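The values are calculated or read from the model by the stated rules, or taken from the named source; none is laboratory data. The structure presented is a predicted model; accordingly, all values stated were derived computationally and were not measured. Here the Cβ positions follow ideal geometry from the backbone for every residue, glycine too, while neighbour counts run over all protein chains shown. The accessibility values were calculated without ligands, DNA or RNA, using every heavy atom of the protein model including side chains. Shrake-Rupley method; radii C 1.70, N 1.55, O 1.52, S 1.80 Å.
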Amino acid sequence: MLVSLRLYGMPLGAFPITVKNVDEGEIFSVFEWVARDELLTSHDHDEITTLETACKSSGLVSHPSLPEDDSPLRWTRLQRVCIAVANQQESLSSLSLSSSTILPDEKPGALLLYLSEYNQPGYLVAHRALLLSVSFGQHPTDLQILEDATRALRALEDYPELSAMSAAVRVEVWQNQLRPVYRAILFGFEDVPELREEILAPLVYENTYWLNEFHRMALEILTMIAGFSWDDPQDLDEQFKFTLGDESSSSNNNVTTTKLRDNTDQQYKEQSPWPPAKNDVILQRIVERPNRFVKRDSLNLHMAVVCGALASDDLVRLSDCVPDLYEAFQTTSLFTRTDESSYPSGDDDDDDSGGVQQQQQRTDFIERAILLRANRVTTSSLDPQQQQQQQQQDSGTSLMETEVDTLDLEEIDTLATIWNIPSSFVKTMFLLSVYELSKDSMVDSLTTNSLSKMDVPMFV
């Protein structure tokens, strides 16, 4: 009753919340209930982390299913919580965590106070990332939701023992919420009927700020996916066969092998709160999807397209650099090996004229992207103090002690790495482009401070 009232109106599933359905374990995710409740309080990860920590130490933690919570005082409190939530007269986020007493004007507090077995931050932040990403799909104009989802995905790095689950959750967000948008950008909305063209088309075709921010967060999520080791299929089979359990239990690096308490033990059943923390049905299904092992070369292809779109709006030239572009951003693309010739290892000399031509096209694309970035460096790539200094002086202003690594070349550098173009080429071309724009004195300090990162013969 408490959960039904607290999360009233939210999509909790087609089945009623009954003891039998919850015990079944394959219908509801209690972790998802708690994550939904946390998002009623805030979308900010730091605030929610503070809430989780406070709930762990609060004297108000109770277990309505246990005999000790049948006291009149606690029963009255639980009734008040249900009534308050049902009437929506009290703030869901207001809770007193510093006292164990129950005051007449006390606010209802978080679900974590009643489901403390589920106060496991790693699984909760995974659910919040999934929920926020779905919310962004429903409200794509609100980039803050996607920013919050991205931050939640980044926060999963704090739980290395759950890295396989974390990788699967990031892939899930990419597949369901970001991948279709890129398919629409490149090939039209006919390929992705699940998207609402009337809302997204103006954003992707007319709103440059929205599109650049979307590219930036998409690249960050792909980079997080790339941070997982996908290279050994046999090892992956082992890593993705795990039982979700108590985060505090020991685990072996990427492989979560923790088993939950033996809930068949009658004594434990009589003493433990209900519902007991079981395998999470939602996360388990995500981790065990048939398509879950990312191919590194396909991931590089997708990252190259996102980097290229962020570095330049010339998608025609970009498509010339990625011959298998049409196969990208489909539902199975990330898990299917691409033509290896599209991403040569760089170890062998390539005498094929087509390969040489393609590499030249990629080099040309990088050079144009660098020139665009150099043209904007006097404003967008400097911090506010440098911008103010530059406005007060003429166009020959020096960048003082700035190094070339501090300038915003990340996506260009990433794209160059994928295409086997040295990072020193990117930095050297950037400085040469600034010279080409007749801002000679502007890079005096850059040149001095960055010689070790440059291709000096090329620069000379």
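Here residue 268 clears all of (1) at pLDDT below 85; (2) within 30 Å of residue 372 (Cβ to Cβ); (3) among the aromatic types (Phe, Trp, Tyr) except the condition numbered (2).
With assigned to a helix (DSSP H, G or I) and open to solvent by 50 Å² or more (accessible area, probe 1.4 Å) as the only criterion, which of 289, 317 stands out?
Values: 289 fails: assigned to a helix (DSSP H, G or I).
Among 289, 317, only 317 is assigned to a helix (DSSP H, G or I) and open to solvent by 50 Å² or more (accessible area, probe 1.4 Å).
Just one of the numbered conditions (1) assigned to a loop (DSSP other than H, G, I, E, B); (2) closer than 23 Å to residue 172 by Cα; (3) at pLDDT below 90 is not true of residue 350: (2). Just to be sure, is residue 248 more than 21 Å from the chain's Cα centre (by Cα), more than 27 Å from residue 184 (Cα to Cα), at pLDDT below 90 and of a type in the set (Ser, Thr, Tyr)? When the stated conditions are applied, residue 248 passes them.
Condition first: of a type in the set (Gly, Ala, Ser) and crowded, with 16+ Cβ neighbours inside 10 Å. Now tell me which residues in region 36-59 satisfy that. Hits for region 36-59 are 54, 58. One residue stands out in region 391-436 among those that are of a type in the set (Phe, Trp, Tyr) and outside any loop (DSSP other than H, G, I, E, B): the one that is modelled with the highest pLDDT, namely 425. Kindly evaluate residue 284 against the criterion of being out of contact with any Phe, Trp or Tyr (no Cβ under 7 Å at 6 or more places or on another chain) and at pLDDT below 80. In short, no.
When residue 164 is tested against (1) touching a strand residue (DSSP E or B) at 6+ places or on another chain (Cβ under 8 Å); (2) closer than 16 Å to residue 213 by Cβ, exactly one condition is not met: (2). I'd like the residue in region 114-136 that is open to solvent by 10 Å² or more (accessible area, probe 1.4 Å) and within 14 Å of the chain's Cα centre (by Cα) and, out of all such residues, is farthest from residue 168 (Cα to Cα). Residue satisfying both the conditions and the ranking: 135.
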